[in-house]
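Presented below is the structure to which this report refers.
Nothing in this text is a laboratory measurement; each read-out follows from the coordinates by a stated rule. Since we're looking at a predicted model, the values are computed, not measured. As a convention, Cβ positions derive from the backbone with ideal geometry for all residues, glycine included, and neighbour counts pool all protein chains shown.
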Amino acid sequence: MRTTPLVDAAADVSRVRFGDGRLDRRARSLSRALQARPSESFPKALADEAAVEAFYRFMANDKVEWDAVLGGHVEATHERAVVAGRILALHDSSLFQFGGDAVRVGAFRTAKGKSGFLGHTCLAVSADGARQPLGVLGMIPVVRLDGEAAETSPGTVYDCESDRWIDLVDEVEESVPMAVDIVHVMDSEGDSFDLLEFMVADGVDFVVRLCHDRRVVTTDGRARLSDALPQAQTRFTRTVPLSTRKGVKKSGRHAARDERLANLEVRVLKAGLLRPDGSDAHLAGVHVHIVQVVEVDPPEGEAPVSWLLATRLPVDTDEAVADVVDFYRARWLIEEWFKALKTGCAYQKRQLESLGALLVAFALLAPISTRLLALRWLGRNEPERPASDVLDDDEIACLRVLERQKRRGLPRAPTVGDVLLAVARLGGFLTRNKVPGWQVLGRGFEDLAKMVAMFRAMQGGGMEM
């Protein structure tokens, strides 16, 4: 079994070449400092006043372009994808908002009166069932500006913002090595006929959650999707765990829910989705498989799970249908990635004066967010891997000392699960909580980094314990 390497932000950023050795070295040192203290402000994360001044010069340098900085991480993600062999490309958008009275140059004023941009992002995870986060495959910064402001902004202005989904799929398909099999996974915001047409016409594999009651054609003729679903063939039932969700609505797709086991019935319908009236799409329709997932006998007062998934993937066997369902179940990881960026890396608290600088910060923090997500993933899914896969010898030695001070102690040969729990406790994690959150993990890594830096300074670069 091949082991996909863990993301190292500094190594990813070190691939960037600005044509200036000083800028190359500065990018590496900045990434290393931010990875050690991801949620600290830039001045606190850097070593001294000179480093802070160098950081702001770096951010203001015309040679430093955000997509070039992110490109190092994307290139490394491609290599991890090749090792994985088959990946899920998870697509989603998140609104990034930054406080302050003045609108950041190049950004737009959000509904909350803040400066911001819409970050449309694609995250790669392994498709082998383990769902290991591999890294970002691309990001489109969308802004809503007019006139000269739009022309000078580093963001992208769309006449039709749904086009960003097509653009990012196209970008990913063009850049990912041919050796990688890609399945694009999207929530219902990706339910656009133009997007579905583009992916079908280009032979792109996808799983997209549908939300529109589209006109379809089946073996029984034309009908609305809701009327055709009774024709769907029940393939199997299965029980899956559902995690707790705070939710943003009292009912419906984003309703809050408690953790539970859900009994799901999975059905399949082969259909053609017909072009909507008034659409400029080229094809009269697209042939897809519809996988319907319905929760049987949900708990009283709980909204039942109900998904309609469109896919080009085969559905000839129950195993293949189960893959479609599981691929969609992995989609939540990109939401976790956004949380890692916003909370674990405190991205929306960054005090920078322009969208250009904020995008460079995004590019520096993106691999760190992926690393945080991957570390938590390892703690949940491969806790028995050796701790040396995620921490170096000095970090493990310092953590051992800190655990002794709390009258705990690491095993002689600690695992990933052992050290991540210890790091989380440094950040204030209480064992009665089931999974460490982004803030406690971020604080824990910062405390560990401070101790490691102190001991390395005392020992001249190394130590024995």
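Table for the structure above
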{"item": "Amide N proximity, region 265-309 versus residue 233 label position 7 Å along Cα-to-Cβ, cut-off under 15 Å", "result": "266-271, 289-292"}
{"item": "Full-extension gain in nm, residue 86 to residue 439, via 0.36 nm per residue minus C-alpha separation", "result": "123.9 nm"}
{"item": "22 Å tail of the calculated P(r), region 219-343, as % of Cα pairs", "result": "47 percent"}
{"item": "Convex hull volume per residue for region 385-459, taking Cα atoms only, in Å³", "result": "88 Å³"}
{"item": "Per-selection metrics, the chain (Cα): Rg and Dmax in Å", "result": "23.5, 78"}
{"item": "Stokes-Einstein translational diffusion, region 58-184 - Kirkwood Rh over all Cα pairs, 1.002 mPa s, 20 °C, in µm²/s", "result": "134 µm²/s"}
{"item": "Net +/- balance of residues flanking residue 370 in space, Cβ distance below 15 Å, scoring K and R +1, D and E -1", "result": "0"}
{"item": "Protection proxy ranking of 47-54, 169-176, 89-96 - average other beta-carbon atoms within 10 Å, highest first", "result": "89-96, 169-176, 47-54"}
{"item": "For region 1-118, average projected area of the Cα convex hull in nm²", "result": "9.6 nm²"}
{"item": "Virtual spin-label span in nm between residue 392 and residue 173, 7 Å along Cα→Cβ", "result": "4.2 nm"}
{"item": "Gain in span if fully extended, residue 51 to residue 8, counting 0.36 nm per residue against the direct Cα distance", "result": "13.3 nm"}
{"item": "Label-point separation in nm, residue 300 to residue 130, each point 7 Å along Cα→Cβ", "result": "4.4 nm"}
{"item": "With at most 11 other Cβ atoms within 10 Å, longest stretch of the chain clear of loop trypsin sites (Lys or Arg not before Pro) (DSSP)", "result": "251-405"}
{"item": "Label point distance in nm, residue 162-residue 109, each placed 7 Å from Cα along Cα→Cβ", "result": "2.9 nm"}
{"item": "Stretch gain in nm, segment residue 380-residue 222, where the contour uses 0.36 nm per residue and the Cα spacing is subtracted", "result": "52.3 nm"}
{"item": "Model label zone, residue 322; criterion: amide N under 17 Å from point 7 Å along Cα-to-beta-carbon; scope region 256-280", "result": "262-268"}
{"item": "Percentage of interatomic Cα-Cα distances in region 88-349 larger than 30 Å", "result": "34 percent"}
{"item": "Rounded Å value of the spacing that divides the Cα centres of region 14-45 and region 322-380", "result": "18 Å"}
{"item": "Residue 61/residue 259 FRET efficiency (R0 45 Å; Cβ-Cβ; nearest 0.05)", "result": "0.40"}
